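A.B. asks: What follows is a structure written as structure tokens; I'll ask about it next.
The values are calculated or read from the model by the stated rules, or taken from the named source; none is laboratory data. Not measured: the values here are computed from a predicted model. No Cβ is skipped: glycine too gets one built from the backbone with ideal geometry, and neighbour counts run over all protein chains shown. Remember, those area values only see protein heavy atoms, side chains included, never the ligands or the DNA or RNA. Shrake-Rupley method; radii C 1.70, N 1.55, O 1.52, S 1.80 Å.
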Amino acid sequence: AIREANLALNPQAEGQVIRVPLPPLTQERRNELAKAAARYAEQARVAIRNVRRDGMEQVKGWDKKHELSEDDAKRNEDEIQKLTDQYVKQVDAALAEKEKDIRTV
């Protein structure tokens, strides 16, 4: 799994121990790691938006079936959007912190 992660690491098995020698980080390698972190952050944002879409569809379904008033539906949609924005901001903050850590020499 470590080799397949495409991180340019080569684990070595020594009896019961697995050693993963870490090469010194060059600027090029730091940029690659920052790009990888950005890809993971984008995947997290997409997952959050997918959950938002599912929640919005569920609220709209309830509204169409008249299981929920229009005011409640609007309130729930607003709450879903607020939560989505909150978690996207957390992902962005985590990415910014991680990029800062990666680029620090």
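A.B. asks: Below 24 Å Cα-Cα, how many Lys pairs turn up in the chain? Only count pairs eight or more apart in sequence, or on different chains, if you could.
C.D. replies: The result is 12.
A.B. asks: Using a 1.4 Å probe over the heavy atoms of the protein chains, calculate the carbon and sulfur portion of the accessible area of the range 14-105 as a whole percent.
C.D. replies: Result for the range 14-105: 53 percent of the exposed heavy-atom area is carbon or sulfur.
A.B. asks: Another question, then. Wrap a convex hull around the Cα atoms of the range 35-78, take a quarter of its surface area, and give that in square nanometres.
C.D. replies: One quarter of the hull surface, i.e. the mean projection, equals 3.0 nm².
A.B. asks: Could you work out the Rg to Rh ratio of the chain, with Rh taken as the Kirkwood radius (inverse of the mean 1/r over all Cα pairs)? Each step should come with its number before you reach the end.
C.D. replies: On the way: Rg = 21.3 Å, Rh = 17.2 Å.
Rg/Rh for the chain comes to 1.24.
A.B. asks: Looking at the range 50-105, I'd like the Rg to Rh ratio, where Rg is from alpha-carbon atoms and Rh is Kirkwood's inverse mean 1/r.
C.D. replies: Numbers: Rg = 17.0 Å, Rh = 13.1 Å.
Value, to two decimals: 1.30.
A.B. asks: Given a Förster distance of 30 angstrom, what is the FRET efficiency for Glu67 paired with Val46, based on the Cβ-Cβ distance and rounded to 0.05?
C.D. replies: Here the calculated transfer efficiency is 0.55.
A.B. asks: Next question, about the same structure. Show log10 I(q)/I(0) for the range 1-44 at q = 0.15, 0.18, 0.19, 0.20 Å⁻¹, two decimals, from a solvent-free Debye sum over equal Cα scatterers.
C.D. replies: -0.50, -0.66, -0.71, -0.76
A.B. asks: How tilted is helix 70-103 with respect to the longest principal axis of the chain? Cα atoms for both, answer in degrees (0 to 90, nearest 10).
C.D. replies: 10
A.B. asks: Could you tell me which residue out of Ile80, Gln58, Gln90 lies farthest along the dipole of the chain toward its positive end? Charges go on the beta carbon: Lys and Arg +1, Asp and Glu -1, centred on the Cα centre.
C.D. replies: Looking along the dipole axis, the top candidate is Gln90.
A.B. asks: Expressed as an acute angle from 0 to 90° and rounded to the nearest 10, what is the orientation of the C-alpha long axis of helix 27-64 relative to the principal long axis of the chain?
C.D. replies: 20
A.B. asks: Sticking with this structure for a sec: So how far apart, in nm, are the two label points at Glu32 and Leu7 if each is 7 Å from Cα heading toward Cβ?
C.D. replies: Rounded to a tenth, the inter-label distance reads 1.3 nm.
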